[in-house]
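Data first, discussion second: the structure below is written as structure tokens.
The numbers here are math on the coordinates, done by the rules we state, and not lab data. Here the structure is a predicted model, which is why all the values come from computation and not from measurement. Every residue, glycine as well, gets a Cβ built from its backbone with ideal geometry; the counts of neighbours run over all protein chains shown.
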Amino acid sequence: MGILLFISVLLVAACGLIYELVAGTLASYLMGDSVFQFSTIIGTYLFAMGIGSALSRYLNGGLVYRFVWIELLLGVIGGFSSAALMLAFAFTQGFELILYAIVIVMGVLVGLEIPLLMRIVRDRYEFRDVIAHVLTFDYLGALGASLLFPILLVPRLGLVRSAMLFGIINAGVALWTTYLFSTQLSGKRVLRIASVVVLCGLSAGMLEARKITATAEDNIYADDIIFARDTRYQHLVLTRFKDDLRLFLNSHLQFSSRDEYRYHEALIHPGLAAVPTPRHVLVLGGGDGLAVREILKYPQIESITLVDLDPEMTKLFSTHPMLTKLNDNSFLSPKVHIINADAFPWVDSNTDSFDFIVVDFPDPTNYSLGKLYTTAFYRAAARHLSAQGLMVVQSTSPMFARDSFWCIVQTLKQSGLQTYPYHVYVPSFGEWGFVLAATREYTPPTSLPSGLRFINVEGLPALFQFPPDMAPLSMPANQLNSQVLVRTYENDWKDISH
């Protein structure tokens with residue numbers, strides 16, 4: 001019985017950590033600022049576990065019976081937590097209240113588990129062995145869960161089914177316990193029936209998880225969802241309304257097929273057309289292949305290296321018929337070399353030189369993205385510029401996130417680069433900004449590739465002129481150790497929402 005009991009400890013520890021990770025990940029997907037969300041959720045969860053541990057002293061008699069009911073409650077609440085939170089975000093205004101209420105309840109129940117298990121087994125082992133064995137298996141369970149969550153669970157099952165799977169494990173431990181302690185447990189029949197009911201309910205939930213997710217997302221997104229997937233790094237959603245395809249990453253719009261050409265032509269051509277005889281191009285981000293599509297309009301380009309973190313993203317835009325049509329099968333070009341890696345260490349370790357560098361990351365909504373907008377990153381990227389090379393940076397909206405835009409400009413200046421900010425109007429986003437940066441003076445090009453739908457030579461000078469409501473502001477640079485840009489960006493968009 002001993003080893004089976006300690007395996008139960010390992011499983012319940014894994015379940016507790018998975019519920020915590022699910023809540024933190026889902027909150028960061030839906031609300032942004034992953035560091036803040038994970039920090040507050042982990043802190044609240046641990047505080048609630050402390051309350052549960054303190055309350056365990058008041059549970060006397062029938063400890064196994066109480067432990068089984070705690071496992072069943074955790075199975076139900078934890079197992080359905082992700083589904084409940086997605087539906088709450090879609091259909092209510094009280095998402096944060098529901099989120100922290102669920103986190104607190106789960107934390108209290110998890111906090112009750114280990115003290116009860118220690119008291120249950122204390123008659124079978126010396127106290128020092130109880131502590132050593134229980135804590136060892138508790139930590140091993142936490143380690144296993146922390147490795148499984150990003151590597152297998154989220155990419156293969158998604159958040160909703162991952163939570164339900166571990167709810168099933170909690171209920172399985174409850175049923176298992178009724179047999180381990182059969183001789184000293186009263187009310188076994190009721191507990192076993194309850195365990196089977198919970199197992200059946202969670203199994204049904206696993207089968208219906210896609211419908212639950214679809215119901216929530218149909219209310220979050222205005223258009224029909226034609227593709228949705230959780231990857232190790234983000235939540236991808238592709239929607240369609242008539243001929244308009246829209247990509248969302250973690251609920252943030254990345255492009256609309258109706259006007260993305262305005263964004264991508266503005267991103268690429270003012271800079272690339274001004275580089276004499278460009279041959280080698282680096283694209284950081286841009287996993288949709290739309291920037292690469294524009295770069296391939298220059299026949300003299302010999303190679304394009306694209307570094308994007310998420311292999312699911314580049315695979316999707318290499319294979320999905322609607323998306324390959326949109327990017328003109330750009331990823332199938334023999335000139336294109338895709339590297340799935342974190343751009344930050346990649347630019348620091350790579351030694352290649354490029355004539356044009358495109359920095360096309362999502363907006364700095366969290367610190368993981370914010371590090372890609374720092375002086376440290378821009379200095380590392382600038383080391384890859386050839387003598388006549390240029391770098392262009394996607395820089396959010398100079399109108400709706402004016403402080404953030406000029407913070408990015410200042411960060412590039414502090415990195416030792418000359419800066420040339422400009423802006424365009426993209427209907428799906430409004431006024432949007434970019435910054436050209438180089439170690440040399442920039443002169444707008446006198447010719448552009450044929451067939452462009454938006455950018456022309458005559459209109460280029462106007463892009464670099466800013467009206468008073470978007471005029472330059474004095475802002476601090478974004479440093480890696482402080483990342484003021486993330487907080488600035490959050491405040492900019494809060495002001496708009498209010």
Nearest 10 degrees, 0 to 90: helix 2-31 Cα axis against the chain principal axis: 30
Which FRET efficiency, nearest 0.05, do H337 and S386 yield, Cβ-Cβ r, R0 25 Å? 0.90
So what is the 222 nm mean residue ellipticity for the chain from helices alone, if each DSSP H run of at least 4 adds -39500 (n - 2.57) and you divide by all residues, rounding to the nearest 500 deg cm²/dmol? -17500 deg cm²/dmol
Charges only on Cβ, +1 for Lys and Arg, -1 for Asp and Glu: so what's the dipole of the range 260-497 about the Cα centre, in debye to the nearest 20? 320
In percent, how large is the relative contact order of the range 357-498, given Cα pairs closer than 8 Å and 6 or more residues apart? 32
Placing +1 on each Lys and Arg Cβ and -1 on each Asp and Glu Cβ in the chain, then taking the dipole about the Cα centre, the residue among I77, W406, G187 whose Cα reaches farthest towards the positive end is G187
Between T92 and L253, take the C-beta separation as r, use R0 = 25 Å, and let me know the FRET efficiency to the nearest 0.05. 0.65
Residue-span extension gain [T319 to T439] - 0.36 nm each, minus C-alpha spacing: 39.4 nm
Mind checking the dipole of the range 395-498: about its Cα centre, +1 per Lys or Arg Cβ, -1 per Asp or Glu Cβ, Debye to the nearest 20? 220
Percent relative contact order for the chain, counting Cα pairs under 8 Å at least six residues apart, stands at 13
Per-residue counts of other Cβ atoms within 10 Å, averaged by peptide: what ranking do you get for 241-253, 407-419, 379-391, highest first? 407-419, 379-391, 241-253
Could you check the simple spin-label distance between N481 and R66, using points 7 Å along Cα→Cβ, in nm with one decimal? 5.0
Rg/Rh over Cα atoms for the chain, Kirkwood Rh, comes to 1.07
Quick check on packing: order 437-444, 156-163, 83-90, 96-103 by the mean number of other C-beta atoms within 10 Å, highest mean leading. 156-163, 83-90, 96-103, 437-444
For the pair L143 and T215, how long in nm is the line joining their label points, each one 7 Å along Cα→Cβ? 4.0
Just report the Cα centroid separation between the range 1-80 and the range 313-350, whole Å. 39
Suppose the chain between N491 and K242 were pulled fully straight at 0.36 nm per residue; how much longer would it get relative to their current alpha carbon spacing? 86.2 nm
Electrostatic dipole magnitude of the chain [Cβ: Lys, Arg +1; Asp, Glu -1; Cα centre; debye, to 20]: 1280
Over 21 Å between C-alpha atoms is what I'm after, so list which of K325/K371; K242/K315; K242/K325; K242/K335 land there. K325/K371; K242/K315; K242/K335
Fraction of beta bridges assigned by DSSP in the range 260-497 that are antiparallel (%, nearest 5): 40
Projected onto their principal axes, the Cα atoms of the range 2-217 stretch, largest extent first, over whole-Å spans of 50, 34, 32
Output the antiparallel fraction of DSSP beta bridges having both residues in the chain, as a percent to the nearest 5. 60
